[in-house]
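Participant: Sharing a structure here in structure tokens format.
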Amino acid sequence: MKKSTVEDIVLTSMNTTGEQFADRAAIERYQFRRLRQTIDHAVAHSPFYRTRMAGTAATDITDHGALSRLPFTYEDDLRRSGQDMLCVSQDEVARIITMQSSGTTGPPKRLFFTEEDLERTIDFFHHGMKSLVKAGQKVLILLPGATADSTGDLLARALERMDVASRIYGLVDDPQQATEEVFAENFDAIVGFPVQLLALSRTLAGQSVTAGQIKSILLCSDYIPRTVCDELSAKWQCRVFSHYGTVETGLGGGVECEGLCGCHLREADLLFEVVCPRTGVSLSSGEWGEIVFSTLTRRGMPLIRYRTGDYGRLLDGPCMCGSHIARLDKVRGRIDQVRQLDNGQALSMDVLDEILLAIPGLLDFQPVLQKENGRDSLTVRLAVIPANRDEVFQQAALLLKGVAQLKNIRVILEASPTGLINKAKRIIEDKRGKISHETAYQAGL
Ligand SMILES: [Zn+2]
């Protein structure tokens, strides 16, 4: 088995600081050295960090104990103080990514990147993709890529560096229409959202793809259900890799090696931790909690102990590929998207995904929580292949009956009004009014 290709980038970065081998102790020495430089850079150039880090001596940050005493940075800080977190002049900003969360009326979240920051993302994509494809092959990219420096565009540029051709299709909403177009060409690999790939594979054109033609798939940008990985790898006889990344991590964050057992993290540029979502106390490898990271090389807008809101855990020990680069287990979704039900249970999208997406003939689904006569009810809108409508509804009803979290909750199944699939991160829509997040933790998240 080939060692994680992420290790090459980490080793190259470590060499610049004199480290020779990527064992755990050396990686951490490198990371803390870079973190101290990042804190100095942030405090020198950002009014936000000058205040937030007041009283902190960067020279003291030499291990995880010291790191755990540093203050966190929150999504809310990005919204309120984004401009004050910028560490370079506007002239040096190459790309700004603006995100307005649905349902919020506050200021949007803005992330600033310099040319150098984007180059490190391309370099990560370049090395990460070496586990999936080789020179002369072709990749279908089902990610937004119309604008310069968008995820699809950066990925396509990374692939060019390894003489791999690509086609950016963008996000799919009508899988029937998309498959006729995309499967008319031969691709060696596909990159996209799990549900988008699953839906494509379930159309007639998707089912007639010759086994072995598509050699690898990279799933990203949403919860990655085990059932989707299993179905795609069995149907197309290909390897299914996972990627973890957010806009805040600089789009790339970690990618699986051939061992397919957790994403090797981008440790040259990011230092990851996991903390208790409620108390903020640092947790050990193997323990589930909130993913937190600090940037180590970001110039435009460094993030120090940034709380991602994602629920995950670090995996213990070296990988079966032989690399000591830390690995992140399957991320289970966003902590604030866990819904507390009036039967005392907590319901999250990953639970529904693992159960419902296993139904053949289903393309996507949208769960909506509502109040009905004062009680919680769950409406699930199903996007189906028309010929399979009846059996999909029957199976969904049967499977949802067996979900412990839905005991005593009325479940209503409806046909999706559009029949199209979701083009964004999928969530359980909550129309019941405000529910405290605290209750979700109490329910044993
Ligand atoms: Zn590995």
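Participant: Considering only the other residues whose Cβ falls under 13 Å of the Cβ of THR56, what net charge follows from Lys and Arg at +1 and Asp and Glu at -1?
Facilitator: +3
Participant: Within region 336-364, list the residues whose amide N lies under 16 Å from a label point set 7 Å along Cα→Cβ of LYS407.
Facilitator: 341-347
Participant: Let me ask something else about it. For the pair ARG278 and LYS2, how long in nm is the line joining their label points, each one 7 Å along Cα→Cβ?
Facilitator: 4.5
Participant: Distance from the Cα centre of region 372-391 to that of region 283-339, in angstrom?
Facilitator: Cα centres, region 372-391 to region 283-339: 34 Å.
Participant: Along the principal axes of its C-alpha atoms, what lengths does region 260-416 span, in descending order and rounded to whole Å?
Facilitator: 52, 36, 32
Participant: By the scheme Lys and Arg +1, Asp and Glu -1, what is the net charge of all other residues having a beta-carbon under 14 Å from that of THR418?
Facilitator: Overall, the nearby charge balance is -2.
Participant: May I pose another question? Pop out the ³J(HN,Hα) list for region 330-343 in order, Karplus 6.51 cos²θ - 1.76 cosθ + 1.60 with θ = phi - 60°, rounded to Hz; leave Gly and Pro as x.
Facilitator: 3, 6, 8, x, 8, 4, 7, 9, 6, 9, 8, 9, 6, 8
Participant: A further question on this structure: What FRET efficiency, computed as 1/(1 + (r/R0)^6) with R0 = 41 Å and r the Cβ-Cβ distance, is obtained for ASP336 and ARG24, rounded to the nearest 0.05?
Facilitator: 0.80
Participant: Another one. Loop-only check: which GluC sites (Glu not before Pro) in region 113-198 are DSSP coil with at most 12 other Cβ within 10 angstrom?
Facilitator: Values: sites: GLU115, GLU116, GLU119, GLU160, GLU180, GLU181, GLU185; in loops: GLU185.
Listed in order of number, the matching sites are GLU185.
Participant: P(r) for region 164-312: what percent of alpha-carbon pairs falls in each 5 Å bin, starting at zero?
Facilitator: 2, 9, 17, 19, 16, 13, 10, 8, 5, 2, 0
Participant: Here's something else I'd like to know. Over the chain, calculate the relative contact order: mean separation of alpha carbon pairs under 8 Å at least 6 apart, over the residue count, as a percent.
Facilitator: So the answer I get is 14 percent.
Participant: Would you mind putting 255-268, 412-425 in packing order, based on average other-beta-carbon counts within 10 Å, highest first?
Facilitator: Taking the mean over residues of other Cβ atoms within 10 Å, the ranking is 255-268, 412-425.
Participant: Here's something else I'd like to know. Placing +1 on the Cβ of each Lys and Arg and -1 on the Cβ of each Asp and Glu in the chain, which of SER294, TYR30, MET129 has its Cα farthest towards the positive end of the resulting dipole?
Facilitator: SER294
Participant: Taking each pair of distinct Cα atoms in the chain once, what is the resulting Kirkwood hydrodynamic radius in Å?
Facilitator: Across the chain, the inverse of the average 1/r is 22.9 Å.
Participant: Still on this structure, please answer the following. Of all DSSP beta bridges located in the chain, what percent are antiparallel, nearest 5?
Facilitator: Beta bridges within the chain, antiparallel portion: roughly 60 percent.
Participant: Want the number for GLU92 to ARG167: 0.36 nm per residue separation, take away the alpha-carbon distance, what's left?
Facilitator: 24.0 nm
Participant: In square nanometres, what is the average projected area of the Cα convex hull of region 336-442?
Facilitator: 6.8
Participant: Once you have the Cα-Cα distance between LYS134 and ALA234, take 0.36 nm times their residue separation minus that, and quote the gain in nm to one decimal.
Facilitator: 33.8 nm
Participant: Provide the FRET efficiency to the nearest 0.05 for the GLU185-ALA66 pair, computing r from the beta carbons and using R0 = 51 Å. Each step should come with its number before you reach the end.
Facilitator: On the way: r = 53 Å, r/R0 = 1.03.
That pair, GLU185 with ALA66, gives E of 0.45.
Participant: Would you tally the net charge around VAL88, using a Cβ to Cβ cut-off of less than 11 Å, leaving VAL88 out, and scoring K and R as +1, D and E as -1?
Facilitator: Summing Lys/Arg as +1 and Asp/Glu as -1 gives -3.
Participant: Next question. Quick check on region 173-298: of the DSSP beta bridges with both residues there, what percent are antiparallel, nearest 5%?
Facilitator: Numbers: 12 of 20 bridges.
The answer is about 60 percent antiparallel.
Participant: Next question, about the same structure. For the cross-link pairs LYS235/LYS431; LYS2/LYS423; LYS215/LYS423; LYS235/LYS407, which exceed 29 Å when the distance is taken from alpha carbon to alpha carbon?
Facilitator: Numbers: LYS235/LYS431 37 Å; LYS2/LYS423 34 Å; LYS215/LYS423 25 Å; LYS235/LYS407 34 Å.
Cα-Cα > 29 Å for LYS235/LYS431; LYS2/LYS423; LYS235/LYS407; rest within.
Values in this text are rule-based calculations from the coordinates and carry no lab data. On a predicted model such as this, the values are computed, not experimentally measured, just so you know. Positions of Cβ are generated from backbone atoms using ideal geometry, with glycine treated the same way; all protein chains shown enter the neighbour counts.
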